[in-house]
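Novice: Okay, handing you the structure first.
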Amino acid sequence: MEDELFEQRTDLSKLSNAVEQIKATLAKIIVGQHESIDLLIAGILADGHILIEGVPGVAKTLTAKLIARSIKSQYSRIQFTPDLMPSDILGTSVFNPKTTEFEFKHGPVFGNIILIDEINRAPAKTQSALFEVMEERQVTIDGQTYKMQEPFTVLATQNPVEHEGTYRLPEAQLDRFIFKIEVKYPSLDEEITILTQQHQHKTAEQLLDIQPVLSGEDIVAIRQQVLGLHVEEKLLVYVAKLIHESRNNKSLYLGGSPRASLAIVNAAKAIAAIRGRDFVTPDDIIYVAAPVLRHRIMLTPDKEMEGASPDDIIAQLIQKIEVPR
């Protein structure tokens with residue numbers, strides 16, 4: 001009875017249809033990675049930035065690019081390199097001899113969906129240029145503030161195994177990503193399918209057929225709809241207990257921030273909407289807990305030496321806190 005009442009509150013038909021279209025389109029080109037695609041869509045609907053991590057060759061950049069192409073909006077790609085300067089991202093003031101004044105020339109970060117490839121290749125000075133734009137959706141240059149046009153989402157990729165010529169992202173910057181999605185190797189069957197598609201030259205043709213499913217205005221409207229989804233108070237308490245436990249766990253040197261609590265709630269709302277519900281369940285919270293927290297927590301040196309991973313500790317946190325029913 002309660003479920004029926006919730007079902008009638010919000011019409012999620014447009015959102016559900018769009019999500020199914022995006023998934024169907026991506027499934028023609030991307031083999032497997034169902035969870036990664038769900039989280040990518042959820043992150044965009046929750047108005048968050050997303051960090052995608054995986055070894056070379058697992059289609060991190062391709063997946064992010066296809067997600068961007070399925071939304072009719074301004075798309076920019078920035079390849080991060082060690083010699084990249086903040087002005088190469090944000091833009092710079094250029095002197096105009098006709099007007100004898102400086103004019104601001106917008107950098108590639110001025111767009112709706114920004115793909116940053118190999119984000120950990122740029123030094124700290126360039127990384128710091130993203131702090132303001134990721135959190136406040138604005139850029140301040142020479143005392144002048146320039147607002148980003150909505151929707152604004154950063155999709156960033158990084159390689160976890162190659163450390164030469166890379167720089168670890170600052171904790172403050174990692175905290176600005178709603179998710180860290182870990183892209184795994186394909187299974188044997190999936191790899192056979194990938195080889196078959198490439199051998200038959202299907203992928204190149206399908207890439208040309210990608211058409212936008214949603215406009216930028218649609219994304220803004222859907223985000224408002226997602227933020228309005230119902231969350232029971234006991235679930236908010238459950239999220240707060242999870243984050244509080246992470247700050248007092250002996251296995252962790254650094255626990256989740258208040259931004260992590262908000263990220264879990266907003267991400268759970270987006271997952272609920274994707275699953276066709278306008279209310280959040282404990283399963284939604286558990287589903288998003290690892291991708292929301294894995295880049296925000298730091299293990300103690302002892303636990304790292306034991307070979308434990310952030311996901312192991314997150315699983316322990318979930319087991320420790322009683323799930324509300």
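The values are calculated or read from the model by the stated rules, or taken from the named source; none is laboratory data. Predicted model only: the values in this text are computed from it and were never measured. FYI the Cβ positions are ideal-geometry reconstructions off the backbone, even for glycines, and counts take in every protein chain you see. Side chains included, ligands, DNA and RNA excluded: accessible areas come from the protein's heavy atoms. Shrake-Rupley method; radii C 1.70, N 1.55, O 1.52, S 1.80 Å.
Novice: Using alpha carbons only, what's the Rg to Rh ratio of the stretch 24-165 with Rh from Kirkwood? Could the numbers behind the result be given before it?
Specialist: Numbers: Rg = 16.5 Å, Rh = 16.3 Å.
Using only Cα positions, Rg/Rh for the stretch 24-165 is 1.01.
Novice: Take T153, T25 and sort them by solvent-accessible surface of the protein heavy atoms, 1.4 Å probe, largest at the top. Provide the component values of the computation, followed by the final result.
Specialist: Details: T153 5, T25 30 Å².
Order by accessible area, largest first: T25, T153.
Novice: Quick one: ranking M298, M148, M85 by accessible area, 1.4 Å probe, largest first, what do you get?
Specialist: Reading off the accessible areas and sorting them downward yields M85, M298, M148.
Novice: Can you tell me the dipole magnitude for the stretch 65-221 around its Cα centre, using point charges on the Cβ only (Lys, Arg +1; Asp, Glu -1), in Debye to the nearest 20?
Specialist: It works out to roughly 240 debye.
Novice: I've got another one for you. Just round it to a whole percent: the fraction of Cα-Cα distances in the stretch 159-307 exceeding 21 Å. Write down the numbers at each step before the final one.
Specialist: Details: 6814 of 11026 pairs.
Percentage above 21 Å: 62.
Novice: Take D11, D175 and sort them by solvent-accessible surface of the protein heavy atoms, 1.4 Å probe, largest at the top.
Specialist: On the way: D11 110, D175 25 Å².
The residues order as D11, D175, largest area first.
Novice: Solvent-accessible area per residue for the stretch 88-240 at a 1.4 Å probe radius, Å²?
Specialist: Values: 8360 Å² over 153 residues.
Result: 55 Å² of accessible area for each residue.
Novice: Turning to a different aspect of this structure: Would you work out which of Q79, V94, P108 lies farthest towards the positive end of the dipole of the chain? Charges go on Cβ: Lys and Arg +1, Asp and Glu -1.
Specialist: Toward the positive end, the furthest listed residue is V94.
Novice: Quick one: if the Förster radius is 51 Å, what FRET efficiency do T300 and E101 give, using the C-beta to C-beta distance and rounding to 0.05? Walk me through the numbers before you get to the answer.
Specialist: Details: r = 55 Å, r/R0 = 1.08.
Rounded to the nearest 0.05, the efficiency is 0.40.
Novice: Let me ask something additional. Suppose R0 equals 51 Å; then what is the FRET efficiency for D189 and S215 from their Cβ-Cβ distance, rounded to the nearest 0.05? Can you show the working numbers first?
Specialist: Values: r = 36 Å, r/R0 = 0.71.
According to the calculation, E is roughly 0.90.
Novice: Which distance in nm do the two modelled labels at K125 and N17 give, with both placed 7 Å along the Cα-to-Cβ direction?
Specialist: Each label point is offset 7 Å from its Cα along the Cβ direction, giving 5.2 nm.
Novice: Sorting check: for 59-68, 224-233, 238-247, which peptide has the highest mean count of neighbouring beta carbons within 10 Å, and how do the rest follow? List each step's numbers first, then the result.
Specialist: Working: 59-68: 21.1, 224-233: 15.4, 238-247: 18.8.
Peptide ranking by packing, descending: 59-68, 238-247, 224-233.
Novice: With Rg and the Kirkwood Rh both taken from Cα atoms, where does Rg over Rh land for the stretch 93-192? Don't skip to the end; give the middle numbers.
Specialist: Working: Rg = 17.6 Å, Rh = 16.1 Å.
With Rg and the Kirkwood Rh in hand, the quotient comes to 1.09.
Novice: While we're on this one: For the stretch 57-92 and the stretch 224-289, what is the separation of their C-alpha centers, rounded to whole Å?
Specialist: Cα centroid to Cα centroid, the span is 28 Å.
Novice: Scan around L254 for amide H atoms under 5 Å from its own, H built in the peptide plane at 1.01 Å from N, and keep only partners 5 or more places away or cross-chain.
Specialist: M298
Novice: If you roll a 1.4 Å probe over the chain with all protein chains in place, what percent of the accessible area is carbon or sulfur?
Specialist: Numbers: 8640 of 16470 Å².
About 52 percent, which is the carbon plus sulfur part of the accessible surface.
Novice: Taking 7 Å along the Cα-to-C-beta vector as the label spot, tell me the A240-R137 distance in nanometres, rounded to one decimal.
Specialist: Those two pseudo-labels are separated by 2.7 nm.
Novice: Can you classify the stretch 221-265 as rounded, prolate or oblate using the Cα gyration tensor, where a ≥ b ≥ c are the square roots of its eigenvalues, rounded means a/c under 1.5, and otherwise it's prolate if a/b beats b/c and oblate if not? List each step's numbers first, then the result.
Specialist: Working: a/c = 5.28, a/b = 2.11, b/c = 2.50.
It comes out oblate by the Cα gyration axes.
Novice: Looking at the calculated P(r) for the stretch 9-95, what percent of the C-alpha pair distances fall above 17 Å? Walk me through the numbers before you get to the answer.
Specialist: Details: 2198 of 3741 pairs.
That tail contains 59 percent of the Cα-Cα pairs.
Novice: Something else about it: Stretched out fully, how many nm does the piece from E171 to E232 gain, at 0.36 nm a residue minus the Cα gap? Could the numbers behind the result be given before it?
Specialist: Details: separation 61, 0.36 × 61 = 21.96 nm, distance 3.08 nm.
Length gained between E171 and E232: 18.9 nm.
Novice: Mind checking the log10 I(q)/I(0) for the chain at q = 0.15 Å⁻¹? Debye, one equal scatterer per Cα, no solvent, two decimals.
Specialist: Result of the Debye calculation: -1.35.
Novice: Name the residues of the stretch 273-288 whose amide N is less than 19 Å from a point 7 angstrom out from the Cα of A315 along the C-beta direction?
Specialist: From the stretch 273-288, the list is 283-288.
Novice: To continue, here is another question. Can you compute the charge dipole magnitude of the stretch 74-162 about its Cα centre, using +1 on each Lys and Arg Cβ and -1 on each Asp and Glu Cβ, nothing else charged? Give it in debye, rounded to the nearest 20. Walk me through the numbers on the way to the answer.
Specialist: Details: 7 positive and 12 negative charges, 32 e Å.
Dipole about the Cα centre, nearest 20: 160 debye.
Novice: Now, a different point. So between Q198 and S76, what do we pick up on full extension, going 0.36 nm a residue minus the alpha carbon distance? If you can, show how the numbers build up before the last one.
Specialist: Values: separation 122, 0.36 × 122 = 43.92 nm, distance 2.67 nm.
Extra length available between Q198 and S76 comes to 41.2 nm.
Novice: Towards the positive end of the charge dipole of the chain, with charges on Cβ (+1 Lys, Arg; -1 Asp, Glu), say which of M298, I141, G228 has the farthest Cα.
Specialist: Value computed over the given set: I141.
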